Every structure is written in C-alpha cells, then in structure tokens.
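See structure below.
The values are calculated or read from the model by the stated rules, or taken from the named source; none is laboratory data. Keep in mind that this is a model prediction, so the values were computed, not measured. Glycine gets a Cβ as well: all are built from the backbone with ideal geometry, and neighbour counts include every protein chain shown.
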Amino acid sequence: MKITIIGAGNIGGAILEGTVGKGIVKPAHITASDPHPDFEEKFIRKNIAANYTADNVRAVGDADLVIVAVKPWLVEKVMGEIAGVLDRKKQAVVSIAAGVTFDRLEEYLSVATLGAVELFRVIPNTAISLGRSVSFITRRNTSAAHDEQVRTLFAALGEIFDVDESEMTACTALSSAGIAYALRYIDAATQGGTALGLDEPKSLRIVMKTMEGALALLEANGNRPQTEIDKVTTPGGVTLKGLDAMENGGFTRAVIDGLLATK
C-alpha cells in the first residue's frame with residue numbers, strides 16, 4: 001500500500017506519525033505534502049521517515065490512497081489542484097475534513113466532467129499519533145480493494161466505526177471534538193484538586209489515573225455509566241453532594257449544549 005498525505009498539520013501529522021510508528025506502510029511508500037517550509041524538519045527531528053514535498057500535484061504520484069488532511073476551507077483549493085492528475089481507475093481520495101460532504105468533494109474534483117472518484121470520508125482524532133484514535137469511515141463509489149486498505153490503515157491506528165454520512169456530524173462531536181471536551185473535564189478536575197490543596201502535577205496524575213479506572217470499569221462490566229455511578233453514591237454521601245453541585249452548575253446540560261454546538 002502506498003499513501004500520500006496532503007496537509008501535515010495536527011491531524012495529517014498525527015496520521016503520518018502513527019503510520020510510521022506502527023510500521024503500517026514502508027517509509028518509502030509514504031509521501032507527505034505541506035507548504036510550510038519547516039514541516040519536513042519537524043518530522044525528521046522526530047525520526048519520522050517519509051518522502052516530503054511542498055508540491056501537492058507531485059505528491060499524488062502513484063499512491064493508492066490520497067489522504068487530504070487540510071482545514072475544511074482549504075479543501076476546494078487542494079482538490080482543484082489534484083483533480084487533473086488523479087488516476088481515477090487506480091486511486092482513491094480520503095478526506096479528513098469535517099463538514100465537507102461527498103457532494104462537495106465530487107464538485108471540487110470535477111466528477112461531472114472528469115469522471116467518478118472513489119471517495120472516503122474519515123474523521124479521526126489526534127490520538128491517532130499513538131494508535132489510539134476513534135475513527136469514523138463512510139464511503140462513496142469505492143472498491144473492495146481500497147475499502148480494505150482504508151480499514152486496515154485506520155484500524156491499525158485505533159478503533160474504527162463504519163457510519164452513514166448523515167451520522168458524521170454526531171461522530172465528529174463525540175470523538176474528534178470530543179477528545180477536547182474530555183480533556184476540558186480533566187483540566188477542570190485538576191484545577192479542583194489544586195483548590196483542595198494538591199500541587200498541580202499530583203492533581204493531574206490522580207485525575208488521569210481515575211479516568212483510566214472509570215473507563216476500565218465500563219469496559220469490564222459492560223454497564224452504562226449511571227450504573228457505575230450508583231455504586232459509589234449513597235444518600236447524604238460526599239459523592240452525591242459533589243454530583244448535585246455539578247448538576248446545579250449545569251454540568252450535563254453544558255456537555256450536551258457543547259455537542260449540539262458542533263452542528
């Protein structure tokens with residue numbers, strides 16, 4: 001499998017690091033393209049071996065998968081650049097851009113005049129650099145061969161979910177943006193620990209390990225979160241007092257509102 005990654009920012013760079021780190025693709029078969037002059041040096045310092053270029057057209061080359069990992073407002077420009085050089089019988093395009101639909105991608109790639117393109121939309125999160133992402137995959141006009149390549153690549157970098165395009169907004173909120181929401185809770189809890197008298201490093205470590213334990217309980221028992229919450233709350237107890245104070249502050253409503261705001 002040969003892959004090209006156009007855009008080596010947070011997500012594109014994370015895919016590059018994860019792919020090299022996991023040994024999924026030979027370094028000689030990975031090409032990364034980015035206009036920033038120092039982007040190659042950044043990855044070389046991390047011992048990330050790949051082919052580097054600032055030329056998106058050249059980057060497409062003979063890749064099996066062309067992964068476009070640029071900001072949504074840059075997708076039209078990049079797709080326009082590569083539309084004329086894609087081998088539409090042999091190459092598939094994987095868009096990582098949130099909110100850019102298949103209809104838009106086909107418009108940007110001039111499908112009406114140049115022919116159909118195998119298209120995937122994938123939404124991972126930044127934990128992909130550690131092989132711990134949650135990635136959502138939806139597809140249009142794709143072959144079994146390219147489908148297997150995309151699934152193999154992203155399954156090696158975390159857990160994958162096959163979804164309909166109509167579900168991508170919700171999935172983005174829960175996982176791609178959601179990783180920031182989870183980290184915001186960790187940050188807030190760490191601040192709470194310091195308010196209780198702990199130093200920040202100790203507070204952060206305690207919160208992180210507690211989160212690991214909470215997730216392990218859910219994984220092991222298969223319970224809903226409320227079931228595990230009920231096990232540690234007693235009437236008049238400190239845990240229930242804390243939960244009540246959080247709800248009085250709008251905790252659950254704030255989380256739901258945050259997710260809905262990503263629409």
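Among the listed residues T152, T126, T172, T138, which satisfies the condition of being of a type in the set (S, T, N, Q) and in contact with a Lys or Arg (Cβ under 9 Å, 6 or more places away or on another chain)?
Details: T152 fails: in contact with a Lys or Arg (Cβ under 9 Å, 6 or more places away or on another chain); T126 fails: in contact with a Lys or Arg (Cβ under 9 Å, 6 or more places away or on another chain); T172 fails: in contact with a Lys or Arg (Cβ under 9 Å, 6 or more places away or on another chain).
It is T138.
Evaluate the following for R88: is it under 22 Å from P124 (Cα atoms), surrounded by fewer than 19 Cβ atoms within 10 Å (Cβ to Cβ), modelled with pLDDT of 90 or more and of a type in the set (K, R)?
no
Need pairs with beta-carbon distance below 6 Å; first residue within 12 Å of A116 (Cα to Cα) and within segment 75-104, second of a type in the set (G, A, S) and outside any helix (DSSP H, G or I); sequence gap 6+ or separate chains.
A83/S110; R88/G115
Within segment 227-263, which residues are within 29 Å of T169 (Cβ to Cβ) and in a loop (DSSP other than H, G, I, E, B)?
Listed by number, the residues that qualify are G249, G250, A261, T262, K263.
Which residues, taken from segment 65-74, are surrounded by fewer than 19 Cβ atoms within 10 Å (Cβ to Cβ) and in contact (Cβ under 8 Å) with a residue 12 or more places away in the chain? Spell out how you get there, then give the answer.
Step one: of segment 65-74, the residues surrounded by fewer than 19 Cβ atoms within 10 Å (Cβ to Cβ) are 71-74.
Those that are surrounded by fewer than 19 Cβ atoms within 10 Å (Cβ to Cβ) and in contact (Cβ under 8 Å) with a residue 12 or more places away in the chain: K71, P72, L74.
N223 versus (1) part of a helix (DSSP H, G or I); (2) surrounded by 10 or more Cβ atoms within 10 Å (Cβ to Cβ); (3) within 27 Å of the chain's Cα centre (by Cα); (4) not basic (K, R): which is the lone unmet condition?
Unmet for N223, out of (1) part of a helix (DSSP H, G or I); (2) surrounded by 10 or more Cβ atoms within 10 Å (Cβ to Cβ); (3) within 27 Å of the chain's Cα centre (by Cα); (4) not basic (K, R): (1).
Among A32, A28, which is without any contact (Cβ under 8 Å) to a residue 60 or more places away in the chain, crowded, with 22+ Cβ neighbours inside 10 Å and either over 21 Å from M79 (Cα atoms) or hydrophobic (A, V, I, L, M, F, W, C) (or both)?
Working: A28 fails: crowded, with 22+ Cβ neighbours inside 10 Å.
Answer to the selection: A32.
Collect the residues in segment 138-153 that are of a type in the set (A, V, I, L, M) and either in a loop (DSSP other than H, G, I, E, B) or farther than 9 Å from F120 by Cα (or both), keeping them in residue-number order.
Result: A144, A145, L153.
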